[in-house]
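The values are calculated or read from the model by the stated rules, or taken from the named source; none is laboratory data. Just so you know, these numbers come straight off a predicted model, no measurement behind them. Backbone-built Cβ (ideal geometry, glycine too); neighbour counts: all protein chains shown. The area values use the complete protein model at the heavy-atom level, side chains included, leaving out ligands, DNA and RNA. Shrake-Rupley method; radii C 1.70, N 1.55, O 1.52, S 1.80 Å.
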Amino acid sequence: MVCTIFANSMLKFVDVILPLPLYAAFTYSLTPEQAMEVQVGCRVVVPFGKKKQYTALVKRVHDQPPEGYEVKEVLMVLDARPLLLPAQFRLWEWLADYYLCTPGDVFKAALPSGLKLESETVVELNPDFEAKEQLSSREAAVFAALERQSEQSVTALEKETGLKNLLAVVKQLLDKDAIFVKEELRRTYKPKTETRVRLTPDASNEHRLHIFFDELQRRAPKQLDLLMHYLQLSGCLNGTAREVTKSELLQRSGASAAVFNGLVERGVFCVYQQEVGRLQKVSRTLQPLNPLNEHQQRAYDEIFASFQNKQVCLLQGVTASGKTEIYIHLIQQAIDSGKQVLYLLPEIALTTQITERLQRVFGSRLGIYHSKFPDAERVEIWQKQLSDNDYDIILGVRSSVFLPFQRLGLVIVDEEHENTYKQQDPAPRYHARNAAIVLASMYGAKTLLGTATPSVESYFNATTGKYGLVELKERYKEIRLPEIIPVDIKELQRTKRMNGPFSPLLLQYVREALEQKEQVILFQNRRGFAPMLECHTCGWVPKCVNCDVSLTYHKGLGQLTCHYCGYTTSLPRTCPACEGSDLRHQGFGTERIEDDIKQLFPEARVARMDLDTTRTRAAYERIISDFEQAKTDILIGTQMVSKGLDFDHVSVVGILNADTMLNFPDFRAYERAFQLMAQVAGRAGRKQKQGRVVLQTKSIGHPIIKQVIANNFEEMVNSQLAERQLFRYPPYYRLVYVYLKHRNETLLELMAQTMAAKLHAVFGNRVLGSDKPSVARIQTLFIRKLIVKIESNASFSQARALLQQVQKEMVADDRFKSLLVYYDVDPL
C-alpha cells in the first residue's frame, strides 16, 4: 500500500484542452519519459471516449491524481517546445469566458488544421511514395490497408488492421510522405521538401572523379554531360560550392531522369531531401518612407501623444486622406523600438493591395496570414512566430489575433467598423477588433482603430474619453470628396424610364467615363443572378428543403442555390405547382448586373467581385490587379468593393439600390447603410479629379440619404445614439442573443417558452422573446431567439454566470437534453 502511494506521488499528470465543445479540462497521466519532455502549451495525443483519439493542448502539468475515475495515459507528445505562449492562453480564456463558449471552441478556431489530428481525420495514400527504408510492421499494415482502399478515417483503419492507437503511426507515415492527411478537405501539414543532389564521398575524391570521367566518356556520354553540368552549377571544383536541386540540374542540362538515375547507380551522385519553407521569399530593393504631408504629420503626432495616456486611439480620416501612410510611419517607429506589429484588415481582398505597399518598405519583415493561404503555409507562419527569426509585422484578417507574438507593441485595426471582423458561425463568435484590444492590453501594447466611418460604439468610446480621438478631415493632395447625385428611381420606374436596374443618368455617366478611358464601379449588395425565381401564373417560389429561405438563381452554374446551407437544385423548366412555364427572375444580383452591363456596353471589359468569383487567393489578386492596371473598365461587386481599396482611375461609382440596406430589420441598419454608401462613394475621385457617385433610391427624402450626400457623419451618429439610448441598445446596453435549435418545432417552442420564463425570472424586463428570427430554420434545425439587454455599467460576468446557470437548469430537464443552445455576445 505504501509503495502504491509513493508510486502515485511520483507520477506526473497533465490537464488538457480538447478540440471539442467542452467546458472542462481533462486529466491524463504521463510516462516518466513523457514527463521529462512535456511543457505547458505542447500538443499531446490522447484517447477520449471508447475509441477516439484527439490532439489536445497541455494547459497544466502537475502531480495531483484525479479522484473518482481511472486516469488514461497520454499516447504521444507531439512538440519539443510549446506551441502556445502564455499570453495566448490568457486570450483563449478571455474569449471563452466573454463570448460564452468553451475553450475547445476557441482551440478549433485558433489553430490551423495542420496542427490538429484526430481519429476522424481521413487518411489518403500517396500514389507517388517510394520507400527509402523498410516500414515497421505497424506502418506496413496501415499502408497495405490504404492500398486496398486509398482513403479511410483513422478509426476505420484501426478496425481493418486490428491495431490500436494509430495516430502515432499516422504521424510517422506522414513524416515519410507515405500518406496525406485530409481534414475538412485540406491536407494536414507536413514540411515541404525538395530533392537535392551532391557527389558521393567516393566521387568527391579528385583521383576517383577522373576515373569516373574516363569511364563515362567511353560508355555514357550523356551521363558525363550531366556530371559536367552539375560541377558547373555546384562550383565544387573552384571552392564556391552551393547546393543543387535535382529539378534545377535536369532543367539546365536537358537530361532525362533515366540518365540521372544512372549516375546514382554508378555511385557518382547521391540524393537527399532538404526541408524548404513554403513562405514567400521577398527579395527587393526597399524604398524609404514617403514623407507625411502637414495634415498627416499632425495626425501622427496626435496619435503618438494620445498613446501616452490611452491604450486605444481612434483615427477618423476621410476616404483618400492617406491613413495607410500614417500606419506605415507608426509601424516603422514600433519595429525601430524592437516591437512587433499586428495589422488587421476586414477582408482578404484588401491584403493584396496593402501587401504590395508594405513590402516596398519592410520587405521580408512582413508576414501575411489568412484563410485563402494553404494550410501548410499557415502552419509555417505559426511556427516562424515561435522562432528566434519571427516576423516584425503580421498582416492578416481576424484569425491573425490567434497567432503567437513574442514582443507585440502595436495593433492596427483598419476599417474598424466592418462587420466582417465579427465571427458568426461556428463558435467562438468573437469580434476581432475587441479581441485585438484585449490582446494588446495583455502585452502592454497600443491599439489604433482607423476608418472614415467609425462604428457608433467606437465613436462613443472616443468622444466619452475611453479612447483617444484623432481626426483627419483633408484628403491627400487636396483631392475633393466625390459629388453624390441622388436619383429617384421610384418616379423613373413609374414612368418606365429605367433600363433594368440602371437609371438614364447612371448610364450616361458610365458612357462618358468609358469614352474618357476612366473606370467605373457598380455596387449591388446581393450576389447571384436573381435573388428569387417566381411563377408568374400562381406565385410559386422555389424554397430550400433545409432552410426557410427562397433559393437564389446562379446563371453561371445553371442552378438554384441556398446561401445558408449550400443546397442546390437544377432550374425547373415548368412550375411544379401549376405546371405553367412562365417562370420569371425577380430582383437583380451581381451576376445579372454583369450580364446587363455587357449587353449595354459590349466594348467594355467587365469584371465581377463577389463571393462566387473570389473563392481562391489567386482569384482575388487577379481581379484587383487587372482593375489597378486598367485591364478592366467596369467592376461590379458586393460590399467587398467598399472596403478601403484604392484605385486611381475610378471616376464614376453607381449605388444601384440604397433601399435594400435601409430597409433591413436591424437596429444597426441605418448605421451600416451610411457606412457602406460612404465607403463605396469614397472609391470615386482620386488623383486630381472629383468623382461622381450616382445614388439610386426610392427613398429620396430619407435622413440617411441626406446625411450621406452631405457626408455628415456626426449628425448620423447623434441621431442613432439618441434612438439607442431611448430603446436600450448599444453602446448604452450590452446585447446577448440566445439561440435555441432543435429538429422538432413543437418541442422547440416549449423549450423556448420555458427558457424565456426562467430568464424573465432572473433578468426581468431586460429579456425580449422568444421569437422566430427572420430565417427560422437552417440546415433542418428550427430556431428560436431571445434577446437579453444588460446595462453597460452592470456586471457582465455576473450576467454571463446567470445565463449559464439557466442553461444548466434547462439541460437537466430530461425533455430538453437534446436542446442546442448557443450565445451571440455583442451581435452584429
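Only four residue types carry charge here, +1 at the Cβ of Lys and Arg and -1 at the Cβ of Asp and Glu. Report the dipole size of the chain about the Cα centre in Debye, rounded to the nearest 20. Intermediate values should be presented prior to the final figure.
Numbers: 104 positive and 96 negative charges, 150 e Å.
About 720 debye.
If packing is taken as the average count of other Cβ atoms within 10 Å, what order do 549-556, 793-800 fall into, highest mean first?
Working: 549-556: 19.6, 793-800: 13.1.
Answer by packing, highest mean first, reads 549-556, 793-800.
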Notebook entry, point to check: For the chain, with the dipole built from +1 on Lys and Arg beta-carbon atoms and -1 on Asp and Glu ones, taken about the Cα centre, which of Tyr737, Pro404, Pro501 lies farthest toward the positive end?
Noted result: Pro501
Notebook entry, point to check: Just the Cα atoms of segment 651-770: what Rg and Dmax do they give in Å?
Noted result: 20.2, 64
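For the chain, which whole-number percentage of the solvent-accessible area (1.4 Å probe, protein heavy atoms only) is attributable to carbon and sulfur atoms?
With neighbouring chains kept in place, the figure for the chain is 49 percent.
Report, as a whole number in µm² per second, the diffusion coefficient that Stokes-Einstein gives for segment 68-180 at 4 °C and 1.567 mPa s using the Kirkwood radius over alpha carbon pairs. Each step should come with its number before you reach the end.
Values: Rh = 16.4 Å.
It diffuses with D of about 79 µm²/s by this estimate.
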Checklist line | For segment 662-675, 3J(HN,Hα) per residue [Karplus equation, 6.51 cos²θ - 1.76 cosθ + 1.60, θ = phi - 60°, Hz, x = Gly/Pro] | finding: 6, 9, 6, x, 8, 5, 9, 4, 5, 4, 5, 4, 4, 4
Checklist line | Distant-in-sequence amide H partners of Leu83 (H built 1.01 Å from N, under 5 Å) | finding: Cys42, Arg43
Notebook entry, point to check: What do you get for Rg/Rh over the chain if you use C-alpha atoms and the Kirkwood form of Rh?
Noted result: 1.00
Notebook entry, point to check: Dividing the convex hull volume of the Cα atoms of segment 545-607 by its residue count, what figure in Å³ per residue is obtained?
Noted result: 112 Å³
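From the helices alone, meaning DSSP H stretches of at least four residues, give me the mean residue ellipticity at 222 nm for the chain, per-run term -39500 (n - 2.57), in deg cm²/dmol to the nearest 500.
Helix contribution divided over all residues of the chain: -11000 deg cm²/dmol.
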Item checked: Charge-dipole axis of the chain as Lys and Arg at +1 and Asp and Glu at -1 on Cβ define it, positive-most pick from Gly114, Gln274, Leu514 -> Leu514
Notebook entry, point to check: To the nearest 10 degrees, how steeply does helix 432-443 sit against the main Cα axis of the chain, on a 0 to 90 scale?
Noted result: 60 degrees
Check: Relative contact order for the chain using alpha-carbon pairs under 8 Å, separation at least 6, rounded to a whole percent?
Finding: 10 percent
Next item on the list: Taking the Cα centre of segment 527-583 as origin, work out the dipole magnitude from +1 charges on Lys and Arg Cβ and -1 charges on Asp and Glu Cβ, in debye rounded to 20.
Entry: 220 debye
Next item on the list: Go through Lys543/Lys741; Lys108/Lys758; Lys116/Lys422; Lys323/Lys446; Lys466/Lys789 and tell me which ones have a Cα-Cα distance over 28 Å in this structure.
Entry: Lys108/Lys758
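Of all alpha-carbon pairs in segment 1-113, indicate the percentage at a distance above 23 angstrom. Intermediate results must be reported in sequence, preceding the final value.
Numbers: 1841 of 6328 pairs.
It works out to 29 percent of all Cα pairs.
Net charge near Leu78, counting Lys/Arg +1 and Asp/Glu -1 over other residues with Cβ under 10 Å of its Cβ?
Numbers: positive: Arg43, Lys171; negative: Asp79.
Charge balance near Leu78 sits at +1.
For segment 579-730, what class follows from the C-alpha gyration tensor (a ≥ b ≥ c being the square roots of its eigenvalues): rounded when a/c is under 1.5, otherwise prolate if a/b is larger than b/c, else oblate? Intermediate results must be reported in sequence, preceding the final value.
Details: a/c = 1.92, a/b = 1.34, b/c = 1.43.
Oblate, because a/c is 1.5 or more while a/b does not exceed b/c.
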Next item on the list: Starting from the exponent 0.38 and prefactor 2.2 Å, build the expected Rg for segment 730-828 from its residue count and divide its actual Cα Rg by it.
Entry: 1.04
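Taking the convex hull of the Cα atoms, report for segment 455-530 its projected area averaged over all directions, in nm².
9.3 nm²
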Next item on the list: Would you kindly compute the Cα radius of gyration of segment 671-714 and its largest Cα-Cα separation (Dmax), both in Å?
Entry: 10.9, 32
Next item on the list: Compute the signed sum of charges (Lys and Arg +1, Asp and Glu -1) over the other residues within less than 13 Å, Cβ to Cβ, of Asp488.
Entry: +2
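In Å, what Kirkwood hydrodynamic radius results for segment 620-678 from the alpha-carbon pair distances? Mind showing how you got there, number by number?
Working: mean 1/r = 0.0764 Å⁻¹.
For segment 620-678, the Kirkwood estimate is 13.1 Å.
Work out the length of the dipole vector of segment 743-828 about its Cα centre, built from +1 on the beta-carbon of each Lys and Arg and -1 on the beta-carbon of each Asp and Glu, and round it to the nearest 20 debye.
Working: 12 positive and 9 negative charges, 19 e Å.
Rounded to the nearest 20 debye, it is 80 debye.
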Checklist line | Ratio Rg/Rh [Cα only; Rh per Kirkwood] for segment 290-397 | finding: 0.98
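Ranked highest first by average number of other Cβ atoms within 10 Å, how do 300-307, 801-808, 97-104 line up?
Numbers: 300-307: 17.4, 801-808: 15.5, 97-104: 20.5.
Per-residue mean Cβ counts within 10 Å order the peptides as 97-104, 300-307, 801-808.
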Next item on the list: Specify the angular offset, from 0 to 90 degrees and rounded to the nearest 10, of the alpha carbon long axis of helix 221-234 from the longest principal axis of the alpha carbons in the chain.
Entry: 60 degrees
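So what's the net charge close to Val106: Lys and Arg +1, Asp and Glu -1, counting the other residues with Cβ under 14 Å from its Cβ? Each step should come with its number before you reach the end.
Working: positive: Lys59, Arg90, Lys108, Lys116, Arg398, Arg429; negative: Glu93, Asp97, Asp105.
My count for the surroundings of Val106 gives +3.
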Next item on the list: In vacuum, with every alpha carbon of segment 312-456 counted as one equal point scatterer, what does the Debye formula give for log10 I(q)/I(0) at q = 0.11, 0.16 Å⁻¹? Two decimals, please.
Entry: -0.37, -0.82
Next item on the list: Would you kindly compute the Cα radius of gyration of segment 393-449 and its largest Cα-Cα separation (Dmax), both in Å?
Entry: 11.0, 31
Check: If you take the charge dipole of the chain about its Cα centre, with +1 on Lys and Arg Cβ and -1 on Asp and Glu Cβ, which of Ser719, Leu75, Ile623 is farthest toward its positive end?
Finding: Ser719
